[in-house]
Amino acid sequence: MPLIDTHTHLDFDPFDHDRQAVLDRCQAAGVERILVLGVHEANWARVWQLAEDAPAVYAALGLHPVFLQDHRPEHLDRLRDWLERLRSADKLCAIGEIGLDYYIEDPDKPRQQALLEAQLGLANEFELPVLLHVRRAHADMIATLKRYKLKRTGIAHAFSGSWEEAREYIKLGFKLGLGGAGTWPQAHRMHRVLQQLPLDSIVLETDAPDITPHSHAGERNSPEFLPDICRELAELRGVSAEELAEASYRNSCDLFGWA
Ligand SMILES: [Zn+2]
């Protein structure tokens, strides 16, 4: 049951002591490819190094809305330099993590919006998909995507919105990234949305080290748990784990242009 983890932060500190062991266990568990996303200028080199060193790891680079305080105007220029330099590199697969986060205290919405739009522009310029972080901001994100008409679309990661919001992303050609959040018994709305989602709109993710699935409560989340997440979500969706694995694998490959 080969799987692709479309969203991790494997470069973060909680993996410093056992990153290679995690990658080895992922390989044994059938987690064939693992995306690691940049969040601010300071971690891009580390993310890219990981992609170069580990055969399973693929990189995305971007400026995350939650780290707004760390971003400087020149970081957008640095991002363009990186994208230019990696233009023909197979291991650079998207722009992300980018988006809108209105859940944080006192969000600077205009600055978040400007940063998002600048990076959507880069996605079109470099013909890359986008990996989106969206919290309490689906209406603004959907309106923005409708204006931008991206060449390559992308993923609304850790999706936990309504069915109506899901349908808007799907109409725009986006996939919905599902992971540990939906595996919790109290996630009733997620369960209802999951039952309505067409299989060709779903990709799987862990968001490791965050959003631990119910079956590993209290542990550090890890891409090696993706087969468990797949089994749990498949049961809620009313399909076999193999069907969900196959669909999400195919959807990821279509999105990233992997044969
Ligand atoms: Zn993330």
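What to note about this one:
- Relative contact order (percent, whole number), region 135-259, Cα cutoff 8 Å, 6+ residue spacing: 22 percent
- Here the Karplus curve 6.51 cos²θ - 1.76 cosθ + 1.60, taken at θ = phi - 60°, turns the phi angles of region 68-73 into couplings of 3, 5, 7, 7, 10, x Hz, with x standing for Gly and Pro.
- Charge context of Met1, other residues only, Cβ under 11 angstrom, K/R +1, D/E -1: -3
- Portion, in percent, of the accessible area of region 3-256 that falls on carbon or sulfur, probe 1.4 Å: 48 percent
- In this structure the chain gives 44 Å² per residue of accessible area when probed at 1.4 Å with all protein chains present.
- Cross-link pairs exceeding 18 Å in C-alpha to C-alpha distance, out of Lys149/Lys171; Lys91/Lys149; Lys109/Lys149; Lys109/Lys151; Lys91/Lys175, comprise Lys91/Lys149; Lys109/Lys149; Lys109/Lys151; Lys91/Lys175.
- In order through region 23-29: 3J(HN,Hα) via Karplus (6.51 cos²θ - 1.76 cosθ + 1.60), integer Hz, x for Gly, Pro: 4, 5, 5, 4, 4, 5, 8
- Bridge orientation summary for the chain: considering DSSP beta bridges with both residues in this region, about 0 percent are antiparallel.
- Distance between the C-alpha centres of region 78-104 and region 186-259: 23 Å, rounded to the whole angstrom.
- The HN-Hα couplings worked out from phi for region 224-240 by the Karplus form 6.51 cos²θ - 1.76 cosθ + 1.60 (θ = phi - 60°) are 5, 8, 4, x, 5, 4, 4, 4, 5, 5, 4, 4, 5, 7, x, 10, 6 Hz, whole numbers, x standing for Gly and Pro.
- Relative contact order, whole percent, for the chain stands at 20, derived from Cα pairs under 8 Å and 6 or more residues apart.
The values are calculated or read from the model by the stated rules, or taken from the named source; none is laboratory data. The shown structure was predicted, so the numbers you read here are calculated from the model rather than taken from an experiment. Note: ideal-geometry Cβ built from the backbone for every residue, glycine included; neighbour counts use all protein chains shown. The accessibility values were calculated without ligands, DNA or RNA, using every heavy atom of the protein model including side chains. Shrake-Rupley method; radii C 1.70, N 1.55, O 1.52, S 1.80 Å.
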